[in-house]
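What follows is a short report on a single structure.
Nothing in this text is a laboratory measurement; each read-out follows from the coordinates by a stated rule. Nothing here was measured: the structure is a model prediction, and the numbers come from that model. Using ideal geometry, Cβ is built from the backbone for each residue, glycine included, and neighbour counts are taken over all protein chains shown.
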Amino acid sequence: MSLPAVKLGLVLIGRNEGERFLRCLASIDRAVGLGGHVVYVDSGSSDGSVAAARAAGVEVVELDLSRPFTAARARNAGLERLCQRMAPEFVQFVDGDCEIREGWLATGVAFLEAHPRAAVVCGRNRERFPEASRYNRLCDREWDTPVGEVEACGGIAMMRRAALAESGPFDPGLIAGEEPELCVRLRARGWQVWRIAAEMTWHDAAMMRFGQWWKRARRGGFAAAQGMAMYRGKAQGNQVRRAVFWGAVLPVLALMGMAATPWAAVLLLAWPLQVARLAQRFARETSGSRFARETWEPAFFLTLGKFPEALGVGEYVWRRIVGRQAGIIEYK
């Protein structure tokens, strides 16, 4: 694929991704080469990522340490530097823990060229090591969303620069969930967001511990609450309401009820019943058994995840009340 002809640029962001970052660089090199069309934005890494990128001939932007790091801020800085070097029609955003799959860049460009109202296209993001831990498996399932025109994309996606210029870039004040927020603005201006079946990236979540999964879920709740507040419930409202009900309201009702009568303990059955209901739904979707690991495992963690999500919602509300800015929530 000739980059000058299609005017494609790449913005790569990372923070202490180590070996994953080296694999990411290698995948970009195989796909298009590491030339002036690639910008790497580093958020205070101490693992040699900056030196590795420069040694590979990639231009590096090091974010100012005096300001809070966010993925949104990093992507914006990369986009700004990329546009100073060239005039890309399309921009592929990729995280340092991912690898570009063979053929994706050409596929994404062809789709955007064929769909002039498409602002964003993303493909299938898969976990490279799904069997390394149950948490990696959960991530791999999370990435497998329906194809077609969708409401939002993830951080790894190909975007039309003209659409970003019209809507404005990522909101640098968001510690997470910056992609759905951007997509709300894009769709409000008549642009489309698409997910297609093509293989796009390998991702390495590297989640081996329960604490990592818990922190990631808490960050998700925080981001959902922030998005809901920004758009008065029009964005991510359902996620927030489910988290608050299952992770906060129902536990409080159960505890208060049991203080009055032991019969209120029946409320504790709500969570296992919810797990069973979700497992049954997943079994129908996969034509499998509700007792198989592929169905009960995501059902269990989807239910359990409402507790850290509710904590994240509460953290956002509290910080907003006291006027305290949130910092990045890292799970690795």
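Please sort by residue number the GluC sites (Glu not before Pro) in the stretch 151-199 whose DSSP state is loop and whose Cβ has at most 13 other Cβ atoms within 10 Å.
Working: sites: Glu151, Glu166, Glu178, Glu181, Glu199; in loops: Glu151.
Those satisfying the criteria are Glu151.
Roughly what angle does helix 293-304 make with the longest principal axis of the chain, taking Cα atoms, 0 to 90 degrees, to the nearest 10? The two axes meet at around 80 degrees. In a DSSP loop and with at most 16 other Cβ atoms within 10 Å, the chymotrypsin sites (Phe, Trp or Tyr not before Pro) in the stretch 167-257 are Tyr231. Toward the positive end of the charge dipole of the chain, with +1 on the Cβ of Lys and Arg and -1 on the Cβ of Asp and Glu, the farthest Cα among Phe282, Val249, Leu112 is that of Val249. Note on Ala162/Ala51: beta-carbon distance plugged into 1/(1 + (r/R0)^6) with R0 of 25 Å gives a FRET efficiency of 0.10. Rounded to the nearest 500, the helix-only mean residue ellipticity at 222 nm of the chain stands at -15000 deg cm²/dmol, with each DSSP H run of n ≥ 4 adding -39,500 (n - 2.57). Other residues whose C-beta falls under 13 angstrom from the C-beta of Ala51 contribute a net charge of -2, scoring Lys and Arg +1 and Asp and Glu -1.
Assigning unit charges at the beta carbon (Lys, Arg +1; Asp, Glu -1) and nothing else, what dipole magnitude in debye, to the nearest 20, does the stretch 3-208 show about its Cα centre?
On the way: 25 positive and 29 negative charges, 77 e Å.
With only Lys, Arg, Asp and Glu charged at Cβ, the dipole is about 380 debye.
Considering only Gly33, Gly148, Gly177, the Gaussian network model of the chain with Cα springs below 10 Å gives its largest mean-square fluctuation to Gly148. Taking 0.36 nm per residue of separation and subtracting the Cα-Cα distance, full extension of the segment from Arg67 to Ala197 would add 43.0 nm.
For the stretch 3-208, what does the relative contact order come out to in percent, with C-alpha contacts under 8 Å and a separation of six or more?
About 26 percent, as a whole number.
Listed values (i) 1.01; (ii) 0.99; (iii) 1.40 include one computed from this model; for Rg/Rh (Cα atoms, Kirkwood Rh) that value carries the label (ii).
GNM remark for the chain: springs join alpha carbons under 10 Å apart, and the peak mean-square fluctuation among Ala165, Ala224, Ala260 falls on Ala260. Within the stretch 141-226, the trypsin sites (Lys or Arg not before Pro) that combine a DSSP coil assignment with at most 12 other C-beta atoms in a 10 angstrom radius are Arg189, Arg209. Of all the options Asp171, Asp64, Asp42, the one that moves most in a Gaussian network model of the chain with Cα springs shorter than 10 angstrom is Asp64.
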